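Trainee: Have a look at this one.
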Amino acid sequence: MRDDMLLVEDLTMLLLDDETGTPSAAGTLPYTLGGAVLVELALLGRVTSDGKAALNGPKVFTDGDGPLPDPVLQDAYDKVAERTRRVQPLLLDIGAGLLNTMVDRLVERGQIRREKKKVLGLFPATRLPAVDTGHEAELRRKIRAVLEEGAEPDSARTAALIALLSASGALPSLRPPINWSGTVYKRAKALEEGNWGAEAVSTVVARTAAGIAASTAAVTVAVTVATTN
């Protein structure tokens with residue numbers, strides 16, 4: 001399993017439909033992808049929050065110094081550093097346009113390929129089938145172990161990935177599908193709400209990351225309700 005992938009790359013890969021090239025939960029995707037980047041920064045100890053519940057989530061602050069190992073992370077860190085803001089406005093600022101960047105990176109990494117075709121011989125369409133399936137298969141195995149079998153997440157990173165998938169509303173539409181049930185729903189929601197297990201929540205870093213994931217869930221629900229009414 002690759003250890004150099006960003007959380008937001010893993011999330012994008014899982015959300016992309018191999019046949020259509022369309023991501024699940026597309027309407028709220030910028031918020032979800034922005035949340036994944038902020039969560040990664042939290043796991044790296046480079047952002048913190050005041051942890052206070054508010055309409056737009058907790059305030060987010062930069063922490064630590066020195067360059068970050070990836071330009072996507074550095075760009076997000078710089079946005080946080082510009083001025084103190086609450087998490088929800090940051091999600092869109094960081095996540096806007098990020099899908100195209102992630103698709104390009106996954107193509108460059110050889111994880112997916114871009115195929116151009118025409119539907120009915122007339123309408124252009126793009127497919128994004130998986131190429132190197134080993135990494136994605138391992139991610140899905142870990143997700144299933146937690147949600148279907150009740151295993152503890154093997155890391156805060158796995159817990160964060162499931163929390164973000166749940167926050168996006170896309171878990172039921174993942175392919176191949178999870179064996180969906182009320183128990184699976186409750187396990188996913190518990191992770192979404194920051195219950196990452198005793199080891200994971202024992203650090204300020206993980207609590208900050210969980211708080212950002214929970215805020216991502218709140219804003220995606222709000223956006224979904226607003227666009228359907």
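Trainee: Identify all residues within the range 110-150 that are at pLDDT 90 or above, more than 19 Å from E9 (Cα to Cα) and exposed (fewer than 14 other Cβ atoms within 10 Å of the Cβ); write none if there are none.
Mentor: Correct list: E149, G150.
Trainee: Here's a follow-up. Is it the case that some residue within the range 42-49 is surrounded by 23 or more Cβ atoms within 10 Å (Cβ to Cβ) and either touching a strand residue (DSSP E or B) at 6+ places or on another chain (Cβ under 6 Å) or more than 19 Å from V80 (Cα to Cα) (or both)?
Mentor: Yes, there is a match, as at least one residue in the range 42-49 is surrounded by 23 or more Cβ atoms within 10 Å (Cβ to Cβ) and either touching a strand residue (DSSP E or B) at 6+ places or on another chain (Cβ under 6 Å) or more than 19 Å from V80 (Cα to Cα) (or both).
Trainee: Within the bounds of the range 155-177, is there any residue that is at pLDDT 85 or above and either farther than 24 Å from G95 by Cβ or of a type in the set (F, W, Y) (or both)?
Mentor: Within the range 155-177 (the criterion being at pLDDT 85 or above and either farther than 24 Å from G95 by Cβ or of a type in the set (F, W, Y) (or both)), the answer is no, since none of the residues qualifies.
Matching residues to (1) farther than 30 Å from R175 by Cα; (2) hydroxyl-bearing (S, T, Y):
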site: T22; (1), (2): no, yes
site: A25; (1), (2): no, no
site: L38; (1), (2): no, no
site: L55; (1), (2): yes, no
site: P67; (1), (2): yes, no
site: D78; (1), (2): yes, no
site: V107; (1), (2): no, no
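Trainee: Show me the helices (runs of 4 or more DSSP H) entirely contained within the range 125-196 in which 1 or more residues are farther than 21 Å from M102 by Cα and over 19 Å from the mean Cα position of the chain (by Cα).
Mentor: 182-192
Trainee: Out of G35, G57, I need the residue that is buried (at least 18 other Cβ atoms within 10 Å of the Cβ), in a loop (DSSP other than H, G, I, E, B) and either among the small types (G, A, S) or touching a helix residue (DSSP H, G or I) at 6+ places or on another chain (Cβ under 7 Å) (or both). Which one?
Mentor: Going through G35, G57 in turn, the sole match is G57.
Trainee: Can we say L55 is at pLDDT 85 or above and either in contact with a Lys or Arg (Cβ under 6 Å, 6 or more places away or on another chain) or among the aliphatic types (A, V, I, L, M) (or both)? Step through it out loud before you land on a result.
Mentor: On the way: at pLDDT 85 or above: no; either in contact with a Lys or Arg (Cβ under 6 Å, 6 or more places away or on another chain) or among the aliphatic types (A, V, I, L, M) (or both): yes.
In short, no.
Yes or no, residue by residue, for (1) out of contact with any Gly (no Cβ under 8 Å at 6 or more places or on another chain); (2) without any contact (Cβ under 8 Å) to a residue 40 or more places away in the chain; (3) under 22 Å from P176 (Cα atoms):
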{"site": "V8", "(1), (2), (3)": "yes, no, yes"}
{"site": "T12", "(1), (2), (3)": "yes, no, yes"}
{"site": "T28", "(1), (2), (3)": "no, no, yes"}
{"site": "Y31", "(1), (2), (3)": "no, no, no"}
{"site": "R46", "(1), (2), (3)": "no, yes, no"}
{"site": "S49", "(1), (2), (3)": "no, no, no"}
{"site": "A54", "(1), (2), (3)": "yes, yes, no"}
{"site": "V60", "(1), (2), (3)": "yes, no, no"}
{"site": "G64", "(1), (2), (3)": "no, yes, no"}
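Trainee: Something else: Could you tell me whether the range 74-93 includes any residue that is at pLDDT below 90, polar (S, T, N, Q), in a helix (DSSP H, G or I) and within 18 Å of A210 (Cα to Cα)?
Mentor: Scanning the range 74-93 turns up at least one residue that is at pLDDT below 90, polar (S, T, N, Q), in a helix (DSSP H, G or I) and within 18 Å of A210 (Cα to Cα).
Trainee: Kindly establish whether D70 is at pLDDT 90 or above, surrounded by fewer than 22 Cβ atoms within 10 Å (Cβ to Cβ) and under 17 Å from the mean Cα position of the chain (by Cα).
Mentor: Taking the combined requirement at face value, the residue satisfies it.
Trainee: While we're looking at this one, here's another question. Among the residues of the range 61-96, which ones are out of contact with any Ser or Thr (no Cβ under 9 Å at 6 or more places or on another chain) and basic (K, R)?
Mentor: Hits for the range 61-96 are K79, R83, R85.
Trainee: hydroxyl-bearing (S, T, Y) and at pLDDT 90 or above: is that true of T101 in this structure?
Mentor: On the way: hydroxyl-bearing (S, T, Y): yes; at pLDDT 90 or above: yes.
Against the criterion (hydroxyl-bearing (S, T, Y) and at pLDDT 90 or above), T101 qualifies.
The values are calculated or read from the model by the stated rules, or taken from the named source; none is laboratory data. Owing to the predicted nature of the structure, the values given are computational and were not obtained by experimental measurement. Cβ sites come from the backbone with ideal geometry, for glycine too, and all protein chains shown count toward neighbours.
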